[in-house]
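This report concerns only the one structure given below.
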Amino acid sequence: TPVQIKEFGAVTKIDFSPVSPYNYAVTASSRIHIYGRYSQEPIKTFSRFKDAAYCATYRDDGNLLVAGSEEGTIRLFDLSGRAPLRQFDGPTKAVHVVGFLSDKYRIFSGGDDYSSSLWDIPSATEIVSYSEHTDYVRCGCASKVNADVFITGSYDHTVKLFDARTKSSVMTIEHGQPVESVLLFPSGGLLVSAGGRYVKVWDVLKGGQLLVSLKNHHKTVTCLCLNSSGQRLLSGSLDRHVKIYSTTSYKVVHSFNYATSILSLALSPEDETIVVGMTNGVLNVKHRKPEERKEKSEKKRQPAYRTYVKGRTYMPKQEDFCVSKPVKRVLRKYDKLLKSFQSSKALDAVLEPPIRLYTPEVTVAVMQELHRRGTLRSALAGRDEKQINLLLTFVARRVIEPRFTAVLVTVADMITDIYQPVVGQSAIVDRQFLKLQEAIGKEIDYQEELLEVLGMMDTLFATFTKKGATYLEENKSNGLTETIETNMN
């Protein structure tokens, strides 16, 4: 959930400190507030401005902060104090752009007097001034590769690249709309400019050649930002959206929506926090959810062998309460196939040697289940010579077992129906059919002999049985009558 912080006016600039703990400076109205990453109240405030402050920017070591102002002065602050460390006077109008060159001892600036200047920090003097723009200078950045190079963007639709060793600009790029923000890639080879609805990427090493023009916003693009690795480019606009582009394909890979128009945005050096400043003075802070790091757990010492053996002979006492561990039931391969209605594969699974030879009851049970489902015929059909041979061998061998006879007779009947048209095409299959016929013929002869024997036994048993006679024998003794009933067999 984003944190909302209310500032005194529109947030025109946000800049993260390049060193830990990565505090950020927020420029709004006539104040500069320093916030900690998770603080909702400023931990430090610079308010020595008579009018609006602009573009508070950190130096690379995080010790100094420079800011422009509406009255035309540039102030340099030490983060440990409150009063300005240096003040640079000279510009006649508001200074909107300030920043440090990568040598850390010079400052560049640009403002509403159309000029771009370079200042020396130790002596607080102007080194050189360029008056090539024909409109307000509202954005700029310094090269991290070359300490003499800085870039400014102006409302005259141009972006100019200056070298402190020359007296004029070394490159001019025509953006086409008033330039609101410029950005250099860490390598220094690519330049990004934003103005109007366009974000444009230029190749500086090829003399300012346009590489790509992005038109994903509906209103003016006001700010740009890169992530730490340079793989993502962020742009904020008055249309209330922050677009995130991949710098390999320049396609929009993500988008954030905000309540009002966006004037500034910044990303923390670790890409953990994104801060957006809006026209209504609200500062919106979003934190990335912390990733759950799987700590490398130390290898647990396994119990000794005696620990396992100890409980094998233990007999529970009368007062002991035995808890049985639930056993996880693992389905066999043929059960899984039956559950997924793969009849043919289920039949193949139970015809494998371990099951077919040692547990034939499983094979017959699966055949019975397939017959119950009505899919036995389709499971038996479409088989090659080897598989038919296997089926017929199993049926011929097991059909004479009384417990399997009922099911396997049905199976044999279906196999005969299905493969009758191909009889005579394979000697192996024909031989198995003959073996099946021979086995069934022998079984029929055997059953006939058994029936004959059974008839003989029935006759013998019948001769041993006589009808029982019942008679009454009366004996009178001592005035008592005794009745005796006897059955003779």
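Of the residues making up segment 359-369, those that are free of Cβ contacts under 8 Å to residues at least 40 places away in the same chain and surrounded by 13 or more Cβ atoms within 10 Å (Cβ to Cβ) are Val362, Thr363, Ala365, Val366, Gln368, Glu369. Identify all residues within segment 385-440 that are surrounded by 12 or more Cβ atoms within 10 Å (Cβ to Cβ) and either touching a residue at least 60 places away in the same chain (Cβ under 8 Å) or not in a helix (DSSP H, G or I) (or both); write none if there are none. Passing the criteria: Val399, Ile400, Glu401, Ser426.
Please list, ordered by residue number, the strands (runs of 3 or more DSSP E) wholly in segment 46-129 having 2 or more residues that are touching a Cys at 6+ places or on another chain (Cβ under 8 Å) and either without any contact (Cβ under 8 Å) to a residue 24 or more places away in the chain or open to solvent by less than 40 Å² (accessible area, probe 1.4 Å) (or both). Reasoning before the result, please.
Numbers: elements: 53-58, 64-69, 74-78, 84-88, 95-100, 106-111, 116-120.
Here the list reads 64-69, 95-100.
From the set of residues in segment 242-257 that are buried (at least 20 other Cβ atoms within 10 Å of the Cβ) and not basic (Lys, Arg), which is nearest to Ser187 (Cα to Cα)? Among those that are buried (at least 20 other Cβ atoms within 10 Å of the Cβ) and not basic (Lys, Arg), it is Tyr245.
Of all residues in segment 34-45, those being surrounded by fewer than 20 Cβ atoms within 10 Å (Cβ to Cβ) and over 17 Å from Val282 (Cβ atoms) number 6. For segment 205-214, the set of residues classified as open to solvent by less than 20 Å² (accessible area, probe 1.4 Å) and of a type in the set (A, V, I, L, M) consists of Leu214 only.
Out of Arg372, Arg356, Arg329, which single residue is touching a residue at least 24 places away in the same chain (Cβ under 8 Å) and either assigned to a helix (DSSP H, G or I) or not polar (S, T, N, Q) (or both)?
Arg356
Closer than 15 Å to Val182 by Cα and either modelled with pLDDT under 95 or under 30 Å from the mean Cα position of the chain (by Cα) (or both): is that true of Arg197 in this structure?
Values: closer than 15 Å to Val182 by Cα: yes; either modelled with pLDDT under 95 or under 30 Å from the mean Cα position of the chain (by Cα) (or both): yes.
Against the criterion (closer than 15 Å to Val182 by Cα and either modelled with pLDDT under 95 or under 30 Å from the mean Cα position of the chain (by Cα) (or both)), Arg197 qualifies.
Right, Gln342: over 29 Å from Gln447 (Cβ atoms) and either at pLDDT 90 or above or over 44 Å from the mean Cα position of the chain (by Cα) (or both) or not?
On the way: over 29 Å from Gln447 (Cβ atoms): yes; either at pLDDT 90 or above or over 44 Å from the mean Cα position of the chain (by Cα) (or both): yes.
Yes; evaluated as a whole, the condition is true for this residue.
Only one residue in Ala52, Ala83 is aliphatic (A, V, I, L, M), under 47 Å from the mean Cα position of the chain (by Cα) and assigned by the TED database to the domain that holds Ser193, so which one is that? One residue alone meets the criteria, Ala52. Scanning segment 14-33 for residues being open to solvent by 60 Å² or more (accessible area, probe 1.4 Å) and either modelled with pLDDT of 90 or more or not in a loop (DSSP other than H, G, I, E, B) (or both) gives a total of 1.
What are the residues in segment 1-13 that are in contact (Cβ under 8 Å) with a residue 40 or more places away in the chain and either open to solvent by less than 30 Å² (accessible area, probe 1.4 Å) or farther than 17 Å from Tyr58 by Cα (or both), if any? Let's see the steps before the verdict.
Initially, segment 1-13 is screened for residues in contact (Cβ under 8 Å) with a residue 40 or more places away in the chain, giving 2-13.
Within segment 1-13, Pro2, Val3, Gln4, Ile5, Lys6, Glu7, Phe8, Gly9, Ala10, Val11 qualify.
For segment 135-143, does any single residue satisfy the condition of being farther than 25 Å from Asp271 by Cα, open to solvent by 50 Å² or more (accessible area, probe 1.4 Å), touching a strand residue (DSSP E or B) at 6+ places or on another chain (Cβ under 6 Å) and among the charged types (D, E, K, R)? Checked against the condition, which is being farther than 25 Å from Asp271 by Cα, open to solvent by 50 Å² or more (accessible area, probe 1.4 Å), touching a strand residue (DSSP E or B) at 6+ places or on another chain (Cβ under 6 Å) and among the charged types (D, E, K, R), segment 135-143 yields at least one hit. Take the residues in segment 332-351 that are at negative phi and in a loop (DSSP other than H, G, I, E, B), then tell me which one is surrounded by the fewest Cβ atoms within 10 Å (Cβ to Cβ). Ranking the candidates gives Ser340 first. Hey, could you check segment 375-384 for residues that are in a helix (DSSP H, G or I) and open to solvent by 10 Å² or more (accessible area, probe 1.4 Å) and say which is farthest from Phe341 (Cα to Cα)? Result: Arg377. Within segment 178-199, the residues that satisfy the criterion of being closer than 15 Å to Leu226 by Cβ and buried (at least 24 other Cβ atoms within 10 Å of the Cβ) are Val182, Leu191, Val192, Ser193, Ala194, Val199.
The listed residues are Thr248, Thr279, and the only one of them that is of a type in the set (S, T, N, Q), free of Cβ contacts under 8 Å to residues at least 24 places away in the same chain and assigned by the TED database to the domain that holds Thr222 turns out to be Thr248. Ser29 fulfils the conditions (1) in contact with a strand residue (DSSP E or B) (Cβ under 7 Å, 6 or more places away or on another chain); (2) on the phi > 0 side of the Ramachandran plot except for a single criterion, (1).
For segment 263-321, a residue qualifies if it is at pLDDT 90 or above and either hydrophobic (A, V, I, L, M, F, W, C) or more than 30 Å from Val242 (Cα to Cα) (or both), and the qualifying residues are Leu263, Leu265, Ala266, Leu267, Ile274, Val275, Val276, Met278, Val282, Leu283, Val285.
The values are calculated or read from the model by the stated rules, or taken from the named source; none is laboratory data. From a predicted model like this one, the values you see are computed outputs, not experimental measurements. In this analysis, Cβ positions are derived from the backbone assuming ideal geometry, glycine residues included, and neighbour counts consider all displayed protein chains. These area figures cover heavy atoms from the full protein model, side chains too; ligands, DNA and RNA do not enter into them. Shrake-Rupley method; radii C 1.70, N 1.55, O 1.52, S 1.80 Å.
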